[in-house]
Each structure stands twice: as structure tokens, then as C-alpha cells.
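Since the structure comes first, as C-alpha cells, the remarks are kept for the end.
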Amino acid sequence: MADQNFDLIVLGGGPGGYVAAIRAAQLGMKTALVEREHLGGICLNWGCIPTKALLRSSEINHLLHTLDAYGFAADNIRFDINKIVKRSRAVAGQLSGGVKHLLRKNKVTVFDGHGTLAGKGRLSVSKDGKGVAELAAKHIILATGARARVLPGIEPDGKLVWTYKEAMVPDAMPKRLIVIGSGAIGAEFASFYLNLGAEVTLVEVLDRILPVEDAEISSFVQKSFQKQGMKILTGAKVQGLRKNATEVTAVIEAGGKVQEITADRVISAVGIVGNVEGIGLEGTGVKVDRAHVVVDEYCRTGEPGVYAIGDLTGPPWLAHKASHEGVICVERIAGLNDVHPLDTGNIPGCTYCRPQVASVGMTEEAAKKAGHQVKVGRFPFIGNGKAIAMGEPEGMIKTVFDAKTGELLGAHMAGPEVTEMIQGYTIARTMETTEAELMHTVFPHPTISEAMHEAVLDAYGRVIHI
């Protein structure tokens, strides 16, 4: 069994862990990374990337069924779910291989196995119950990620009741589907299967879908989903599931009434919990709160020399948040002088359903609760020439400003390609621009991004195209 010394050890090779390892190597640290399954973690292998490949396929299916509007015709349109899944898995494999190459290029030593804290500055690595290595380092970063939350009565079985993992590799296309939970994961899978022709029921325990988004955006998306044929139950609680050999019946209480809905499959998308078990936290100063590791603004835990980043540390559960935390953590360890704590208010969130959803900063409700007097701007995509030309006129952009200072408090979008456009508002918030700079910025024509400009102008009574 190898015994090796390093400056830094990273436990977990997801988007937080592998980025942290590469940045550490760039800064001259002798770095090791320990990963028990797939380099790239859940994001590259079973999350962000393969789901976007699936959603691209469902988007194409939708476009093929609207060809007449663009002057085209096609007969006998069909798809092969196995080929759709195969392409998604190939995309994931390509990117995982790319991470392996990047780690090798940056001279990061990778250990294949399960890592466990084994005393101050030490980490044991095992594989299939056998010791692989005993590693030592002054600094250890925990980046073990998270897994799907399981609720009593709707436990996934991998056959009739799925987590996100089974939902990405269906062996057959379900005709009827129930999705429990309408956050980003639930909304994306509901949209994917709906656009491939499934009869979808989306169930949310809170009073609206996409509950972390601005209320107007949630309402807009719900109406769009329903227009597409999705059944949505809000303020609804799943009391239990009954299964037979091929079907699942969900007992759902909503609006004071109990109803039963039968489907071929159920997807449980009710949140995630951190992977805090089995990594040696017992007996350390690492504090765990509600299944997530507690850290300070520089990702330090309560145990000297031990840090934690990404989904392991709690919301927002986003790959780009994990990557940025990894960089901040490593640069702080390296003693760089220009390291700033992460402002979660400047982290954009994206949901890749149809219509897409993207946001950054405060919702209108949150801004008012925080004591701000606000100016709110709105602009519909029906007023944007490029959106109409694309045949995608359903969408909206909403901006929230502080009425006294002109600070952009938040931006919220729904519609085509908004997940690409939100970065403009994110940069604006990071640079602390006000409405003045945004109004004086020239946006190219014809682009959907012009709607971003108009939504700013609208907040100040200067909108042109509505």
C-alpha cells in the first residue's frame, strides 16, 4: 500500500473537487485527488451535462412537430429512446475523459478509491474493501457532493420509482409519468418526458412550482407547462404509493381532497442531502447541520486543515458554485491576497426546461422583505423581433432595482436561451453597476438580448417597444 505526502488532498472529483485540484497544481502545490466512481462527479456523469443532452433531443422532437410553422413538412416522425440515452451517455463519457486529461496535464495524482479521514492531516484510500494508499497533507478539501433525498413512502426502487439517475437511462419510454418535486431537477425531467410525448403530472408540496424563482416567473412557466399539456398539482402532498408489476398509483392530497393518479413511472425529485457518511468526520471538529458540512466564508470547517466545498456544504446546489468555491478555497490556502468570499447573491441559477428559466439576485418579494424600495421592469418576448423571427415569442424578463441607489437587486427570465443571457445581469451585479450603466449599454440588434435592455428601461419608464 502506497504511502505518499502531498501539499493538498482533494476528496471527490466532481466540478468542485477537480477544479480545486487543478487550481492547486497551477499554484505549485503537490496535489492528490481521490475519486471512488467517475471523474467529473454527478454533474458530468449523471447530472448537468447528460441531462442537457437529453433535453436537446426532446427540444428537437418538439421542433419536428412544429415544422409546418417554418414552411417544412415531414412524415412518420419518430424517435428511439435507446439512441437518445446512448447519445447522452456518450456526451458524459467524453467529458469525463476530458477531466482525466486535464488532471494528468496539470500533474495531479489521481487515486481510484474511497477516501476517509484518518487523523490529523491524513486520508486513507480503499478500493473494494482493500487498502490502496495512506496519504498525508497539511490541507484536505472535502468535495464528496450529495445524493437524492429519500422521503418515507416514496422510496425509489430503481424500477417503478426513479431518482434522477434512473430517469436518465430509461429502458422504455413511459406513457404516463408522475414527477414529485418541481425544483430544477423535477421541472427538467417533467419537460423532457412531456416533449417526448408522455402524459406528465407534476406534483409540488408548496403553493407554486419552481418555488425558489420569482413568483411571476413561476406563474409564467406553470401556464406554459399547462398549455403544453402538463397536469400540475401545487399545495399537494403524496401520502403514499401503491405498486404492482407495471404501474404505480400515487395517493395525493391537494386542496383538501385526496385523489389517486396511476402512472407507469414516478420520479422522486425532492431535494438532495450531502454525502457526509463514511468519510471519517467522527471525532473531528467538522460540524454537520441537516446533512451538510458547516463552513466559513473561505470554506474552512471546524477542523484545522480540513475544508469543504460544493453540494456537501449546502445550497445553492450548483456546479458553478462548487467550482468557484474550490478556487476560492485553494487560493486562500495558497495565501493569495486578492481572494474574496463568495457572494451567493451573484450566483446565477438556470433550469433547462421549456421554457428555460434563469435568475440572479433577489426576487421582488425578497427585495421588499429586505427593506428595499424597488423599481420593477418587465419586457415580454412578443415585443422582441428576434424572438418572433425564431418562432419563440413566449417569454419574459423581469428586473428589480433599488429605487434609491439604482442597484440591480435581481433579474429573472423565462424563455428561449435565457440560460445563456443571464450572465449579462450576473456580470452587472458583480461589477455593481446601476441602472444608468445598463441603460447606456448598446445591445446588438436583432438579438433576444435586447429584451434585457428593455426590461431595464421599463423599470424607469423609458421602455420603447411595448
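Do any cysteines of the chain lack a neighbour Cys whose Cβ is under 4.7 Å away, and which are they?
Lone cysteines by the Cβ rule: Cys350, Cys353.
Of all GluC sites (Glu not before Pro) in segment 1-94, which ones are in loop regions per DSSP and have a Cβ with at most 10 other Cβ atoms within 10 Å?
Here no GluC sites (Glu not before Pro) fit, given the DSSP loop and packing criteria.
Note down, for segment 63-129, the three equivalent ellipsoid semi-axes (square root of 5 times each alpha carbon gyration tensor eigenvalue), biggest first, whole angstrom.
48, 15, 11
Less than 15 Å Cβ to Cβ from Cys48, Lys/Arg counted +1 and Asp/Glu -1: what total charge do the surrounding residues give?
In short, +2.
I want to check the label-to-label distance for Leu206 and Asp112. Put each point 7 Å from Cα in the C-beta direction and report it in nm to one decimal.
4.2 nm
Scan segment 293-379 for trypsin sites (Lys or Arg not before Pro) in coil per DSSP, keeping those whose Cβ has at most 15 other Cβ atoms within 10 Å, and list them by number.
For trypsin sites (Lys or Arg not before Pro) across segment 293-379 that sit outside H, G, I, E and B with at most 15 neighbouring Cβ atoms in 10 Å, the list is empty.
Starting from the Cα of Lys369, step 7 Å along the direction of its Cβ; do the same at Glu155; then give the gap between the two resulting points in nm.
3.5 nm
Suppose R0 equals 30 Å. What FRET efficiency, 1/(1 + (r/R0)^6) with r the Cβ-Cβ distance, do Arg87 and Thr262 give to the nearest 0.05?
It comes out at approximately 0.45.
Can you give the three extents of the C-alpha atoms in segment 355-459 along their principal axes, from longest to shortest, in whole Å?
Result, largest extent first: 40, 26, 21 Å.
Mind sorting Asp338, Asp458, Asp171, Asp402 by how few other Cβ atoms lie within 10 Å of their own Cβ, fewest first?
Ordered by Cβ neighbours within 10 Å, fewest first: Asp338, Asp171, Asp402, Asp458.
Taking 0.36 nm per residue of sequence separation and subtracting the Cα-Cα distance, how much length would be gained by fully extending the chain between Lys404 and Gln94, in nm to one decimal?
Values: separation 310, 0.36 × 310 = 111.60 nm, distance 4.96 nm.
Additional length available on full extension: 106.6 nm.
Under the Kirkwood approximation for Rh and a Cα-based Rg, what ratio Rg/Rh is obtained for the chain?
0.99
State the dimensionless ratio Rg/Rh of segment 161-270 (Rg: radius of gyration of Cα atoms; Rh: Kirkwood radius).
Taking Rg over the Kirkwood Rh, I get 0.94.
List the residue ranges in the chain for DSSP H helices whose C-alpha atoms run 15 angstrom or more along the long axis and whose Kyte-Doolittle average is 1.6 or above.
The answer is none, since no helix passes both cut-offs.
Have a look at Ala25, Ala245, Ala190 and report the one farthest towards the positive end of the charge dipole of the chain, computed about the Cα centre with Cβ charges (Lys/Arg +1, Asp/Glu -1).
Towards the positive end, the residue furthest out is Ala245.
Provide Rg over Rh for segment 1-140; use the alpha carbon set for both Rg and the Kirkwood Rh (inverse mean inverse pair distance).
Across segment 1-140, the Cα-based Rg/Rh ratio is 1.21.
Over 22 Å between C-alpha atoms is what I'm after, so list which of Lys159/Lys223; Lys237/Lys287; Lys130/Lys287; Lys369/Lys404 land there.
Among Lys159/Lys223; Lys237/Lys287; Lys130/Lys287; Lys369/Lys404, the Cα-Cα distance tops 22 Å for Lys159/Lys223; Lys237/Lys287; Lys130/Lys287.
Helix-derived [θ] at 222 nm for the chain: sum -39500 (n - 2.57) over DSSP H runs of at least 4, divide by residue count, nearest 500?
The helix-only estimate for the chain comes to -9500 deg cm²/dmol at 222 nm.
With an 8 Å cut-off on Cα pairs and a minimum separation of 6 or more residues, tell me the relative contact order of the chain in percent.
Numbers: 1001 pairs, mean separation 64.7, N = 466.
Value for the chain: 14 percent.
Could you work out the relative contact order of segment 161-270? I mean the mean sequence separation of Cα pairs under 8 Å and 6+ apart, divided by the number of residues, in percent.
Normalised by residue count, the contact order of segment 161-270 is 34 percent.
Defining a contact as two alpha carbons under 8 Å apart and six or more residues distant in sequence, what relative contact order in percent does segment 373-466 show?
35 percent
For segment 305-396, what is the convex hull (Cα atoms) projected area averaged across all directions, in square nanometres?
Answer in nm², one decimal: 9.3.
Within segment 392-435, find all residues whose amide N lies under 19 Å from a label point positioned 7 Å from the Cα of Leu63 along Cα-to-beta-carbon.
392-395, 415-421
With a Förster radius of 22 Å, plug the Cβ-Cβ distance of Thr246 and Asp80 into 1/(1 + (r/R0)^6) and report the FRET value to the nearest 0.05.
Computed FRET efficiency for Thr246 and Asp80 comes out at 0.55.
Bear in mind these aren't lab numbers, they're just calculated from the coordinates by the rules spelled out. Note that this is a predicted model, so its numbers are computed, not measured. Virtual Cβ from ideal backbone geometry, glycine too; neighbours counted across all protein chains shown.
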